[in-house]
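Report on the structure given below.
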Amino acid sequence: MPEKIIKVLIAKPGLDGHELGAIVVATRLRDAGMEVVYTGLHQTPVQIVASAIQDDVDVIGTSIHCGAHLVLMKKIMKLIKERVPGDKKFLVIAGGPIPPADSFKLKEIGVDEVFSSGSKIEDIVKFIKDHVPTNPSVP
Amino acid sequence: MADDMERIKREEKIWEEENKIGVSPKSPRVYTDLELEAKAVYTPADIQHVDYLRDIGFPGEYPFTRGTYPEMSRHRPWRYSVFTGFDTPAETNKRWKFLYQAGQPAFNIVYDMPSHMGVDPDDPIAEGEIGRVGIPICNITDIETLFKDLPMGKYPFYGNAESVAAIFVAMYIAAAKKRGITEANLPGAISNDPLSTAASKSTLAFSVKHSFRLACDLIEYACRKMPNFYPVQVKGVNMSEGGCSMAQESGFSFCHACAYIEECLKRGLDIDTVASRITFFQSTTPHLFEEVAKYRASRRLCARLMKEQYGAKTNSALAWKFTAYACPLWFQFEEPELNLVRGTIQGLAQALGGCQATPHPGYDEAYAIPTEKSQSLALGTQQILAEETNITKTVDPLGGSYYVEWLTEQMEKKIIEVMEGVKAKGGAINALESGYTKREILRYYLQVLKEIESGGRVIVRKNKYRVKEINPWERLSLHSQNEEVVQIYIEGVKRLKRERDNSRVESCLMRLREAAKGTDNLMPYLIESIEAYATLGEITKTLKEVFSEFKAPAIIPA
């Protein structure tokens, strides 16, 4: 059986326009064989979680440069809990200039990994491949 | 003369062969940022067709290759500054006082994201973003707080804002009036360039078309009533932060400038007035010679464009004026202090390129909002360049360098190619709306990214000479938000909305809405609304009832 293609949503919450990081990660994940959906800018947590459910992705990767990573990720994690059917699991990762103390707080609220400035693409790819949840495949 | 050139070329060939230049594995080919090969050395033969008086000339004279003004920074430094804005207007006012004392000849702010998008601080969508990457500016009292105990009008007020720039300038005009300063005497500049922002960064509250209309309203208003205010700074720097090449930066910028000019001409302004008020906001990478060539080529090209295409005549309309910013894309995360060194080299390129103003980034810019310490170091870097190094004693000291003159010429050609690409797509606005401009920028950046990933483009500590033990977070004491003052500020906005004369606000907004449906210049309606204590968010919402919203194209390049 062929290996299931990993599907990733790259999402840009917040009101800022710093999207180069998101675009670079999106292209490199695609190069690594994943299927990537990019939300574009200025997405609310509600829109992001709805896209993740609708596109049936395995991974939600948020890129946050607006300084509001704690507020925004809290909202996203809460929405995932409320709106996602029980048997569906997302791997949730966050990126951006996030200080170590805040990375710790993000993991406490359920974010699986934080890739702060200076992270290597290979590490992101490896983390996703090692941790992607096995979801029931959609018929 | 021609014989001399032939002799030089012959000798150069012999020299290359003797030294096996460009033919052995030890001497691979070397390329410039223009995707052109750089020779090992340049000679008079490389620029023999350049006519000094026609193509280079004297500073302050057509075609302005050597400088915008006759003496440039010989007697007065360019206007150095740092962008400031964090937490609240009151907190930023304290930093401004520090910078004023440190000799900053400008009042320079950076807006937070809700402000850029026309969202009020008490709007739930802005939660967590108030005062984070800049300052919240919501209503006239914020501008008053910002200038508290500072001499408004003494130095220019600078800021970057795009589709809501007209609203911020209305606040500045209204606040100044309360202090007895007329708009005719108000100095300053605002970027007000939704076109370049649509290509990259995308912080637009309204669609390209409607942002453009509002931007032109401000340009027209300033051309008629504010002789000391520059109402547009075409933001090449936005596109640079989005990854564009140097030629794209200037090329797209010129296309966007032409769009503003043509709209203002349609509105009955003359070319000498409009062109003299358009300035450019460019980035600077650490690639010193290419950058100097970019600035020199842009001056020459702008002068020729304004003269030949639009018939501009006055020096102030023909001379390209620019602010330069050390592009934060080239400030690195690894070993933050090295950004001081990069910034100094970028600053040197700006000075040698003949800049008029330089807001300088903090070395901690890649991590957070700069601290007082990093801002002092940034301002001091520019002050040392301008006043300690003797580089300003003569104008355009790199002029006449065979290499720099050759590069200037090549740069000009590449910029023209970019402009022709836009023309073929039906002009600036079509190129933006179809995603062409953004796609072109990303195509170039992915090339650069490959160079970085392969090590072809060295970035010290990032892809070469890495040191695992250096933990940048431990080396910095970063700015952290004072959440208490931000909460108090948000409460203040709510109080203002309760306590002002709300029927007056409503009637002002109603008049604004009606005017937006027609073709009147909206500036007087904005000023009237601001004077009634209407907020940025309320004005933006009112305009959105008439204007469409911007949707940034979500592109993952192939």
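The numbers here are math on the coordinates, done by the rules we state, and not lab data. Note that the coordinates shown come from a computational prediction; the quantities given were computed from them, not determined experimentally. Note that we place each Cβ from the backbone using ideal geometry, even for glycine, and neighbour counts take in every protein chain shown.
Summing charges over neighbours of B:H49, with a neighbour being any other residue whose Cβ is under 10 Å away from its Cβ, gives -4 when K and R count +1 and D and E count -1.
Taking the charge dipole of segment B:2-41 about its Cα centre, with +1 at Lys and Arg Cβ atoms and -1 at Asp and Glu Cβ atoms, the residue from B:A2, B:A40, B:P25 reaching farthest to the positive side is B:P25. Beyond 29 Å in Cα-Cα separation lie the following of the pairs B:K20/B:K393; B:K225/B:K266; B:K266/B:K294: B:K20/B:K393; B:K266/B:K294.
Once the C-beta distance of B:R76 and B:K413 is scaled by a Förster radius of 25 Å, the resulting FRET efficiency is 0.15 to the nearest 0.05. Placing dummy labels 7 Å off each Cα toward the beta-carbon, the span from B:Y52 to B:R500 is 6.1 nm. The ranking of A:I109, B:I140 by Cβ neighbour count inside 10 Å, starting from the fewest, reads A:I109, B:I140. In order along segment B:378-385, the Karplus-derived 3J(HN,Hα) couplings, from 6.51 cos²θ - 1.76 cosθ + 1.60 at θ = phi - 60°, round to 5, 5, x, 4, 5, 5, 5, 4 Hz, and Gly and Pro are given as x. A DSSP coil position with no more than 14 other Cβ atoms inside 10 Å describes the following trypsin sites (Lys or Arg not before Pro) in segment B:154-247: B:K154, B:R179. Once the gyration tensor of the Cα atoms in segment B:379-483 is diagonalised, the equivalent ellipsoid follows with semi-axes of 33, 28, 19 Å, ordered largest first. Can you tell which of A:I76, A:G33, A:G61 lies farthest toward the positive end of the dipole of segment A:7-114, using +1 and -1 charges on the Cβ of basic and acidic side chains (Lys, Arg; Asp, Glu)? The Cα lying farthest towards the positive end belongs to A:I76.
Applying a threshold of 18 Å to the alpha-carbon distances of A:K126/B:K468; A:K126/B:K462; B:K425/B:K544; B:K201/B:K551; B:K209/B:K517 flags A:K126/B:K468; A:K126/B:K462; B:K425/B:K544 as lying beyond it. Taking segment B:453-481 and a reference point 7 angstrom along Cα→Cβ of B:L340, the backbone N atoms nearer than 14 Å belong to B:475-477. Each part gets one Cα centre, and for segment B:341-405 versus segment B:1-44 those centres are 31 Å apart. Look at where the Cα atoms of segment B:116-136 and of segment A:1-46 average out, and the two centres are 25 Å apart.
Across q = 0.15, 0.17, 0.24, 0.25 Å⁻¹, segment B:298-396 modelled as identical point scatterers on its alpha-carbon atoms has Debye log10 I(q)/I(0) values of -0.68, -0.79, -1.17, -1.23, in the order of the q list.
Helix screen, chain A: no DSSP H segment has Cα axial length of 24 Å or more and mean Kyte-Doolittle hydropathy at least 1.6.
The Cα atoms of segment B:493-558 give a gyration tensor whose axes a ≥ b ≥ c have a/c of 1.5 or more with a/b no greater than b/c, which makes the shape oblate. Dipole of segment B:209-251 computed with +1 at Lys/Arg Cβ and -1 at Asp/Glu Cβ about the Cα centre; of B:V237, B:L218, B:G251, farthest Cα towards the positive end is B:L218. When each of the peptides B:466-477, B:240-251, B:333-344 is scored by the mean number of other C-beta atoms lying within 10 Å of its residues, the order from highest to lowest reads B:240-251, B:333-344, B:466-477.
Considering helices alone, the calculated mean residue ellipticity of the protein assembly as shown at 222 nm is -14500 deg cm²/dmol, with DSSP H runs of length four and up weighted by -39500 (n - 2.57) and normalised per residue. Taking a straight Cα-Cα cut-off under 13 Å and skipping sequence neighbours fewer than 8 places away in the same chain, the aspartates and glutamates within cross-link reach of B:K438 are A:E19, B:E241, B:E249. The eigenvalues of the Cα gyration tensor, multiplied by 5 and square-rooted, give chain A an equivalent ellipsoid with semi-axes of 21, 17, 14 Å from largest to smallest.
Taken residue by residue and averaged, Cβ atoms of other chains lying within 10 Å of the Cβ of B:552-558 number 6. Taking label points 7 Å from Cα along the Cα-to-Cβ direction, A:K107 and B:S401 give a separation of 4.8 nm. Other residues with beta-carbon under 13 Å from the beta-carbon of B:L186 carry, at +1 per Lys or Arg and -1 per Asp or Glu, a net charge of +4.
Each of A:A50 and A:E122 was given a label point 7 Å from its Cα along the Cα-to-Cβ line. The distance between the two points is 4.1 nm.
Distance from the alpha carbon centroid of segment B:417-437 to that of segment B:250-298 works out to 16 angstrom. Normalising by residue count, segment B:235-383 has a Cα convex hull of 112 Å³ per residue. For chain B, pairs of C-alpha atoms spaced more than 40 angstrom apart make up 24 percent of the total. Full extension of the chain between B:Q487 and B:I452 gives 8.3 nm of extra length, using 0.36 nm per residue less the Cα-Cα distance. Highest mean packing first, where packing is the average number of other Cβ atoms within 10 Å per residue, the peptides B:349-356, B:437-444 line up as B:349-356, B:437-444.
What is the angle, in °, between the Cα long axis of helix B:288-304 and the longest principal axis of the Cα atoms in chain B? Nearest 10 is fine, range 0 to 90. Compared with the principal axis, the helix lies near 70 degrees. For the protein assembly as shown, the dipole from Cβ point charges (+1 on Lys and Arg, -1 on Asp and Glu) about the Cα centre works out to 520 debye, to the nearest 20.
Rounded to the nearest whole angstrom, the semi-axes of the ellipsoid equivalent to the protein assembly as shown, taken from the Cα gyration tensor as √(5λ), stand at 39, 35, 24, largest first.
If R₀ is 60 angstrom, what is the calculated FRET efficiency for the pair B:E16 and B:I125, using the beta carbon separation as r and rounding to 0.05? After rounding to 0.05, the efficiency reads 0.45. Rounded to the nearest 10 degrees, what's the angle between the helix B:208-225 long axis and the longest principal axis of chain B, both from Cα atoms, 0 to 90? That helix lies at roughly 90 degrees to the long axis. To the nearest 10 degrees, how steeply does helix B:2-18 sit against the main Cα axis of chain B, on a 0 to 90 scale? Around 80 degrees separate the two axes.
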